[in-house]
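The values are calculated or read from the model by the stated rules, or taken from the named source; none is laboratory data. These numbers were taken from a predicted model, which means no experiment stands behind them. Methodologically, a virtual Cβ is constructed for each residue, glycine included, from the backbone with ideal geometry; neighbour enumeration extends over all protein chains shown.
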């Protein structure tokens, strides 16, 4: 399926503030960028670099007053995500070097605090994909999806106790549970076609069977037509905007529509 994605961020700033943005998709596994537009109002200088996770990051210095960032692009996506219950756990000593970082605790994912729960959830399941799917289903069935109950500091362990959160929180809990079983897991942010309500979305990938597989604890069934913006250990690495000063987000508009040809 081909998708047309648009995002507009409206800000207000009382001073000039540096920002790092992650708003550009790249062609790669599961997606091909066909057309892209990226602009600011007023027009601002933009520089770009690739971070350690391979994400495209844009640097800008905000003006004083109101300003906006607009992106739009057309992307060809996969209609389905791969499912393979026979994908096995890869022993740590056999994992690729660049995958090892996704086994470790991170700011929002306290691996050592969740090992008991992970073992309880996955007892009786084959090591690998089946364990990850058991975790995904447990989180989907036991955590309430609702806005307004978490904050930027809420962690995976917090969610395991309060059992309420949004996609970011669901993902953090899944990441920590997988890593506690020595299954590499990374956070993904981007867009999902027909997400309701429409917004930027977070899900995760787990490395089993010598490749990455997609999982989403907020959805009832496996869904494709995803547009990836960034990968990382947790929300720290994949924030769509990181600011170094006082900047207020006034409005965010996101749309994802199928291109009918």
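Taking the conditions (1) within 15 Å of the chain's Cα centre (by Cα); (2) surrounded by fewer than 23 Cβ atoms within 10 Å (Cβ to Cβ); (3) over 30 Å from residue 63 (Cβ atoms) in turn, residue 200 satisfies each one other than (3). Taking residue 152 as the residue in question, decide whether it is surrounded by fewer than 22 Cβ atoms within 10 Å (Cβ to Cβ) and touching a helix residue (DSSP H, G or I) at 6+ places or on another chain (Cβ under 9 Å). Against the criterion (surrounded by fewer than 22 Cβ atoms within 10 Å (Cβ to Cβ) and touching a helix residue (DSSP H, G or I) at 6+ places or on another chain (Cβ under 9 Å)), residue 152 qualifies.
From 82, 10, grab the single residue that is surrounded by 12 or more Cβ atoms within 10 Å (Cβ to Cβ), part of a loop (DSSP other than H, G, I, E, B), in contact with a strand residue (DSSP E or B) (Cβ under 8 Å, 6 or more places away or on another chain) and touching a residue at least 12 places away in the same chain (Cβ under 8 Å). Even if it seems obvious, please write down each step before you answer.
Values: 10 fails: part of a loop (DSSP other than H, G, I, E, B).
The unique qualifying residue is 82.
Considering the range 40-56, the residues that are surrounded by 14 or more Cβ atoms within 10 Å (Cβ to Cβ) and in a strand (DSSP E or B) include one that is farthest from the chain's Cα centre (by Cα), namely 40.
Which residues, counting only those in the range 158-189, are part of a strand (DSSP E or B) and crowded, with 23+ Cβ neighbours inside 10 Å? Steps first, please.
The first filter runs over the range 158-189 and keeps only residues part of a strand (DSSP E or B), leaving 164-165, 185-189.
Correct list: 165, 185, 186, 187, 189.
Of the residues in the range 69-78, at least one is closer than 30 Å to residue 248 by Cβ and surrounded by fewer than 19 Cβ atoms within 10 Å (Cβ to Cβ).
Take residue 126 and decide whether it is touching a strand residue (DSSP E or B) at 6+ places or on another chain (Cβ under 8 Å), farther than 22 Å from residue 189 by Cα and in the same structural domain as residue 220 (by TED's automatic domain parsing). So residue 126 fits the description; yes. Name the residues in the range 86-140 that are touching a helix residue (DSSP H, G or I) at 6+ places or on another chain (Cβ under 6 Å) and part of a loop (DSSP other than H, G, I, E, B), would you? Of everything in the range 86-140, those that are touching a helix residue (DSSP H, G or I) at 6+ places or on another chain (Cβ under 6 Å) and part of a loop (DSSP other than H, G, I, E, B) turn out to be 87, 105, 107, 108, 110, 114, 125. When residue 37 is tested against the conditions (1) out of contact with any helix residue (DSSP H, G or I) (no Cβ under 8 Å at 6 or more places or on another chain); (2) within 18 Å of residue 206 (Cβ to Cβ); (3) at pLDDT 95 or above; (4) exposed (fewer than 13 other Cβ atoms within 10 Å of the Cβ), the lone failure is (2).
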